[in-house]
Each structure stands twice: as structure tokens, then as C-alpha cells.
Amino acid sequence: MQIENFKVFADLVETKSFSKAAKLNGITQSAVSQQARAMERHFKTLLVDRSQKQFQLTREGQQVYEAAKEILFHYEKLLSELQELKKVVSGTIRISTIYSIGLHELPPYIKKFLQVYPSVNVRVEYRRSNLVYEDILHNAVDFGLVAFPHKVRQVEIIPFREDQMVLICHPQHPLAGRAAVEVRDLVDYKFIGFDPDIPTRKAIDAIFKDYRFEVEPVMEFDNIETVKRAVEIDAGVAIVPSATVEQEVKQGTLAQVKLKGRTFTRPLALLHRKGRVMTPAMRKFLEMLTGQAMDDRGKPIEKPAEDAGA
């Protein structure tokens, strides 16, 4: 029995899918099935209840899964400790993030990180917000970056930064010359929004609800880049994070207008799987993004309190 067998089995249990477990491990779906059966032969017991329509473990299968997670934890911890002894910071960091963060917030951090640690490879995947959480839960990636984070069991949430939300419009739009605009004024203009299931869209809808009116978008898109392109052709106005339009405002293809009243912000957060051992590269990356020292579980290391007489 090899460590890879436990990894494949654990992925199978957590994804409840032979095809997803195969993708995570770079093998065929048939190979996953064969490994599961090989484990059953090795332990001389049924691990997966194949009489059920949905994936379900037997009692023995659950026990093997719990043991597999423990074995994988200690194995990953050993690899991390050996790298620490060699003072090695290398390997691959896999990140799953939404378009707006991946294209506009993350690049400066990655550039700085790779300048310090050139032996590390950073891979970024652009996903819808709900799929970022799924990637973290299935251990498909090391870190996730989302807006308006919500609590999910087994997912650690670390505050990253906050973006100010602003109105954008065509440079020749009637609102373009204003220093600020009332939220209620937007009812008189065509509005371009995000898809209803996008967290930023839900937050914008909440803003309108606070002001007791509704705006029916004339167009809806699933990413910030398409929203900006629609506003650039004067199809309507939109509310977006200011960090995502800095280049267009500088180039003069979009106008940015502040919203009057309270400050509207979009909180961003880092996600990682609770209890997962971090490699030196993962820990250094997390420290660069947060500005805090981290332990091998991704928890901030508290600084010792200074002596009262010091």
C-alpha cells in the first residue's frame, strides 16, 4: 500500500466522484476505481457501498478514510519539515480566484513573491466564487481568493483587503462630470449588473434595498471585464470595485464617480483548507499577502507580549 493510494481514496471520498478524483490525481476514472478495489482487497473489506445510487462509504470505509487523512497529514508535515531543514522554498502554489481579484489585485503580490522566491511556480485559475470554495474543499488548489467571503465548514478565512465600490460610466455620460452621485439617482439610468449568483451582485442589490428601490439591469455578466466593456460602449452604468477600473479611468475610456453617503466596500479574503499542512512556499506566500508570520497550519503566529518592566 503506497501513499498515493491513500491520497486517491481520500480525494474520492471528499469529492464523492470518481471523475473528479481522477482529475485531481492526473489519472483515469478507471484507475481510481481500480485503486479503490485494490484497497478493499488489501484490507479484506468493502469500503464503498455500491448498492446506493449516491456515493456512500461503509462503516469500514469511513474508518479507512479517517486513517488515510491522518497518514497524509503526517506525510505532508514530514515533507514540509525536510524542506525547512534544507531551507528550501520551491514547488508549486495553486490558486483559485475570481476574475476581478486574479486580474487586478493579485498580480503585484505574485510579481513581488517570484522576485524573492524564483524557484516557486505560481498557477492561477479563474473560477466563479462558488467553485473557488469547492476547489478548496477538494484540495484541488492551495489557496482561494474571493469577495464577500462566507463561512464554510473546513475552510479557513483570512481577511485580505477591502475595495471601495464606485460608479462607472462612459466619459460622455451625464453623470461623468459629477464628483459624487446619490445612489437613488441611478434609478433614472440603464444599469449593467453581474449575474444574480455573483456575491458582488448580491451586495449591490443590498445597497439598493437599503435605499428602498430596485434596479433591473439591462445586461448581466459573470465577470468584471465584460461589465466594463459594456459600460465603455455606453450601454449603461455599473457599480464595481475601484481597483478594477484604475487602468481604464487613467486611459480615459471610463469615468469613475463616487457614491454619496456611507462608504461602500467589497471585502476580499484568502481561503485555505483547515488543518492542512503548508509547505514553506505556501507559508511564505501567505505571509506576503497578509503581512503576518504564519505557522505550518496557516495560523497567524502571535508575537510574545513584552515584559511590563521593559
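The values are calculated or read from the model by the stated rules, or taken from the named source; none is laboratory data. None of these values were measured; they are calculated from a predicted model. No Cβ is skipped: glycine too gets one built from the backbone with ideal geometry, and neighbour counts run over all protein chains shown.
Please work out if Lys190 is of a type in the set (Lys, Arg), in contact (Cβ under 8 Å) with a residue 24 or more places away in the chain and closer than 20 Å to Ser100 by Cα.
Details: of a type in the set (Lys, Arg): yes; in contact (Cβ under 8 Å) with a residue 24 or more places away in the chain: yes; closer than 20 Å to Ser100 by Cα: no.
The answer is no for Lys190.
Given (1) outside any strand (DSSP E or B); (2) hydrophobic (A, V, I, L, M, F, W, C); (3) under 13 Å from the mean Cα position of the chain (by Cα), where does Ile95 come up short, assuming only one miss?
Of everything listed in (1) outside any strand (DSSP E or B); (2) hydrophobic (A, V, I, L, M, F, W, C); (3) under 13 Å from the mean Cα position of the chain (by Cα), Ile95 misses just condition (1).
Out of curiosity, is Leu106 without any contact (Cβ under 8 Å) to a residue 40 or more places away in the chain, of a type outside the set (S, T, N, Q), in contact with a Ser or Thr (Cβ under 7 Å, 6 or more places away or on another chain) and under 30 Å from Gln247 (Cα atoms)? Walk me through how you get there before you give the answer.
Working: without any contact (Cβ under 8 Å) to a residue 40 or more places away in the chain: yes; of a type outside the set (S, T, N, Q): yes; in contact with a Ser or Thr (Cβ under 7 Å, 6 or more places away or on another chain): yes; under 30 Å from Gln247 (Cα atoms): yes.
When the stated conditions are applied, Leu106 passes them.
Anything in the range 74-107 that is among the β-branched types (Val, Ile, Thr) and surrounded by 13 or more Cβ atoms within 10 Å (Cβ to Cβ)? List them, or say none.
Within the range 74-107, Val88, Val89, Ile93, Ile95, Thr97, Ile98, Ile101 meet the criteria.
With Ile110, Ile71 as the choices, which residue is in contact with a helix residue (DSSP H, G or I) (Cβ under 7 Å, 6 or more places away or on another chain), assigned to a helix (DSSP H, G or I), surrounded by 12 or more Cβ atoms within 10 Å (Cβ to Cβ) and not hydroxyl-bearing (Ser, Thr, Tyr)? Steps first, please.
On the way: Ile110 fails: in contact with a helix residue (DSSP H, G or I) (Cβ under 7 Å, 6 or more places away or on another chain).
Selected residue: Ile71, the only one of Ile110, Ile71 that is in contact with a helix residue (DSSP H, G or I) (Cβ under 7 Å, 6 or more places away or on another chain), assigned to a helix (DSSP H, G or I), surrounded by 12 or more Cβ atoms within 10 Å (Cβ to Cβ) and not hydroxyl-bearing (Ser, Thr, Tyr).
Any residue at all in the range 49-63 that is assigned to a helix (DSSP H, G or I) and not assigned by TED's automatic domain parsing to the domain that holds Val8? Give the steps one after another, and end with the answer.
At the first step, the residues of the range 49-63 found to be assigned to a helix (DSSP H, G or I) are 59-63.
Narrowing further to those that are not assigned by TED's automatic domain parsing to the domain that holds Val8: none.
Looking for residues that are assigned to a helix (DSSP H, G or I) and not assigned by TED's automatic domain parsing to the domain that holds Val8, one finds none in the range 49-63, hence no.
Which residues, taken from the range 1-31, are under 19 Å from Leu137 (Cα atoms) and either among the aliphatic types (A, V, I, L, M) or in a loop (DSSP other than H, G, I, E, B) (or both)?
Hits for the range 1-31 are Val8, Ala10, Leu12, Val13, Lys16, Ser17, Ala21, Ala22, Leu24, Gly26.
Counting only residues that are out of contact with any helix residue (DSSP H, G or I) (no Cβ under 6 Å at 6 or more places or on another chain) and at pLDDT below 90, which one in the range 265-283 is farthest from Phe148 (Cα to Cα)?
Ala281
Can you report the number of residues in the range 113-137 which are assigned to a helix (DSSP H, G or I), farther than 19 Å from Pro196 by Cα and in contact with a Ser or Thr (Cβ under 8 Å, 6 or more places away or on another chain)?
2
Taking Val48, is it in contact (Cβ under 8 Å) with a residue 40 or more places away in the chain, crowded, with 16+ Cβ neighbours inside 10 Å and on the phi < 0 side of the Ramachandran plot?
Taking the combined requirement at face value, the residue does not satisfy it.
I'd like to check which strands (runs of 3 or more DSSP E) are fully inside the range 171-281 and have at least 1 residues that are of a type in the set (Gly, Ala, Ser).
Here the list reads 192-194, 238-241, 255-259, 265-273.
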